Structure formats: C-alpha cells, structure tokens
Amino acid sequence: MSAVVETQNLTKRYHDKLAVNALNLTVQEGEIFGFLGPNGAGKTTTILMLIGLTEPTSGRVAVCGFDPSHESLEVKSRVGYLPENPGFYEDISARENLLYMARLNHIPEDEARRRMSQVLEQVELSGDGRRLVREFSRGMKQRLGIAEVLVKQPRAIILDEPTLGIDPDGAIRILELIKSLNRERNLTVLLSSHQLQQVQEICSRVGIIVRGKMIVQGHMDELGRAILKERQWNFLVELAGVANSIENDLRAINGVDEIEKRHQGLFLRCTRDVRPELLSLLTRRNLQLLQLRSEDPTLEEIYLKYFREA
C-alpha cells in the first residue's frame with residue numbers, strides 16, 4: 001500500500017503556543033484511520049494543514065503525493081473534507097446545494113446532475129433531494145455533507161466528528177455508510193472523533209495525539225498487546241450469584257493478575273489461561289456460570305493508558 005497522507009516532523013505554532021509538535025503521521029491507501037485526542041490536542045489544526053487551509057511552521061506534509069501548502073488545488077481536487085459543523089445554504093434544496101458544490105469544482109452540468117443523483121442515493125437521501133436543507137435533521141445534514149464530499153469523487157476523505165450530536169440510529173447509518181464507501185470504492189478515510197466505541201468498530205489503525213504530539217499510532221491489536229504486556233489473557237465472568245469471598249478465591253489462582261468489578265460481572269486480567277482452574281472453583285463453590293468470555297482490550301483502555309502516560 002502507498003501512503004495517502006504522510007507527515008514528517010509537522011509543526012504549527014501560533015505565537016507562543018505549540019499547537020502541533022513534530023507530528024509524524026501516516027495514513028495508508030484504502031484504510032480507515034482513527035485520529036484521536038482530547039479537545040485542544042491539535043487534531044483540527046493538523047487537518048487544516050493536510051488540506052492546505054493553514055501553513056505549517058516547519059516540517060513536511062504530503063497528501064496524495066502533493067504539498068498542501070504549495071499545491072492546495074491538487075490536494076483539494078483529490079481529498080474531501082467534512083468539518084464538524086458543515087455549512088449549507090439552508091433556504092435552497094439539497095439538490096441545489098450539491099449542484100452548486102459541483103460547479104465550484106468545475107464539473108460539467110450533465111455530469112454534475114448524474115453524480116448528484118448517485119451520491120444522494122448512496123447517502124439515502126434520494127427522496128429528500130428537493131427538500132429545503134433547513135428542514136433536515138442534524139443526521140440528515142451530516143449525510144448531505146458526505147454527499148457533497150463525494151460529488152467530486154475524491155481519493156480520500158477527512159471526517160471531523162461526523163456523528164457528534166446525532167442519535168444512535170443516525171450514527172449507525174453514518175458508520176455503515178463510511179464502511180461501505182471504504183469497502184466498495186477503496187476510499188481512504190481519516191476519521192477524527194471522540195466516540196471511541198465507534199472508532200473501534202470501523203478503524204483498523206489509530207493514532208493518539210496529546211498536546212500536539214503523536215504519542216502512539218498503529219493497529220489496535222498491536223496497541224492492545226503492548227498495554228497488556230505479560231497479561232495476554234482477559235476474561236469476563238458473569239455469575240448468577242457471587243459469594244462474598246469469590247474475589248479472594250480468584251486472586252489465589254496462579255495467573256490471575258488483576259480483578260475489576262464491572263456491571264455485568266468480574267473482569268480478569270491474567271498472565272495465562274486460567275479457565276480450567278476458574279471452572280473448577282465455581283463447581284466447588286456451587287456457583288452458576290452465566291457467561292465466560294475472552295475479551296481483547298477496548299480502544300477506551302488503550303486510549304486512557306497512553307493518554308495518562310502522556
């Protein structure tokens with residue numbers, strides 16, 4: 001795979017404030033990359049440098065092989081950007097908004113109308129194309145924003161909090177849309193989001209930025225193994241009833257390293273597979289096992305671990 005986005009020591013200063021600090025970021029062609037970090041971490045500033053809307057103080061950046069600072073039109077013709085709060089002309093229809101965007105990108109009228117119909121169908125707004133945008137819900141506006149991005153048939157898209165403020169059903173529809181675009185068109189996606197569970201569902205790799213510095217990036221299974229270290233086994237245990245001393249008995253099993261109480265039971269972090277001893281213990285204690293499930297680290301655990309270290 002080739003890199004669609006690649007930065008080397010990318011840095012941005014605003015007077016005395018270091019917004020982005022020597023950032024090294026790589027997004028490979030055809031992947032969905034999760035760009036994570038707290039408010040003020042430098043995510044949006046990084047995105048603006050990637051699409052040529054602000055210039056870096058130092059460092060190098062290439063997007064689709066072009067330098068956004070000097071070849072911004074080349075980048076904009078190949079990359080679509082959906083900001084956190086996309087703007088529309090609310091007193092005209094969704095179709096008219098899309099046609100206007102197509103004209104701005106110098107797409108011929110007949111081709112623009114063909115693409116407009118195609119993208120409205122892709123984002124499930126075919127039946128709402130003639131409605132005024134001011135009548136749209138936030139979720140519909142986000143899908144219209146994705147349609148605007150798709151009109152110019154980009155090679156990659158950058159999405160900044162695409163599900164923020166949207167109800168669960170609307171968020172699921174947007175996530176499914178992103179996955180289908182990636183799968184069917186090999187569309188590269190850089191997704192900036194605070195919704196860790198959503199990122200975990202659709203992203204193969206993630207990068208975590210804190211105070212302008214990339215503290216870690218990689219495949220989630222690799223990052224998960226790194227935080228586990230020698231604790232390679234994780235089990236969720238749910239019982240019909242838990243005796244007062246069951247935790248002490250569990251801690252006495254060789255290999256049980258940590259026990260965490262959760263709403264649905266006990267979460268065990270272990271240095272080896274302790275299931276035989278666990279089942280033997282429950283049988284001796286006459287406790288009914290409702291669920292015993294092996295679990296990998298969640299993205300939330302990965303995020304918090306690296307965030308706290310930073």
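When 69, 117, 126 are screened for being of a type outside the set (Phe, Trp, Tyr) and over 27 Å from residue 184 (Cβ atoms), only 69 passes.
If you filter the stretch 212-222 down to residues that are touching a strand residue (DSSP E or B) at 6+ places or on another chain (Cβ under 7 Å) and touching a residue at least 24 places away in the same chain (Cβ under 8 Å), you find that the one that is nearest to residue 41 (Cα to Cα) is 212.
Please determine whether any residue of the stretch 63-76 is buried (at least 16 other Cβ atoms within 10 Å of the Cβ) and closer than 29 Å to residue 132 by Cα. Taking every residue of the stretch 63-76 in turn, at least one turns out to be buried (at least 16 other Cβ atoms within 10 Å of the Cβ) and closer than 29 Å to residue 132 by Cα. Pairs linking a residue in the stretch 113-131 that is under 12 Å from residue 143 (Cβ atoms) and acidic (Asp, Glu) to a residue that is at pLDDT 90 or above and not in a helix (DSSP H, G or I), with Cβ atoms under 9 Å and 6 or more positions apart or on different chains, are 128/93; 128/136. Anything in the stretch 254-310 that is free of Cβ contacts under 8 Å to residues at least 24 places away in the same chain and of a type in the set (A, V, I, L, M, F, W, C)? List them, or say none. Selection gives 256, 259, 279, 304.
Selection over the stretch 22-48 of residues that are in a strand (DSSP E or B) and either among the β-branched types (Val, Ile, Thr) or within 21 Å of the chain's Cα centre (by Cα) (or both) gives a count of 9. A count restricted to the stretch 84-94 and to residues that are modelled with pLDDT of 90 or more and surrounded by fewer than 19 Cβ atoms within 10 Å (Cβ to Cβ) stands at 5. Counting only helices (runs of 4 or more DSSP H) that sit completely within the stretch 184-274, those holding 3 or more residues that are at pLDDT 90 or above correspond to 246-251.
I'd like to check something: does the stretch 115-134 contain any residue that is touching a strand residue (DSSP E or B) at 6+ places or on another chain (Cβ under 9 Å), polar (S, T, N, Q) and at pLDDT 90 or above? There is no residue in the stretch 115-134 that is touching a strand residue (DSSP E or B) at 6+ places or on another chain (Cβ under 9 Å), polar (S, T, N, Q) and at pLDDT 90 or above.
The values are calculated or read from the model by the stated rules, or taken from the named source; none is laboratory data. What you see is a predicted model; the values in this text were computed from it and never measured. In this analysis, Cβ positions are derived from the backbone assuming ideal geometry, glycine residues included, and neighbour counts consider all displayed protein chains.
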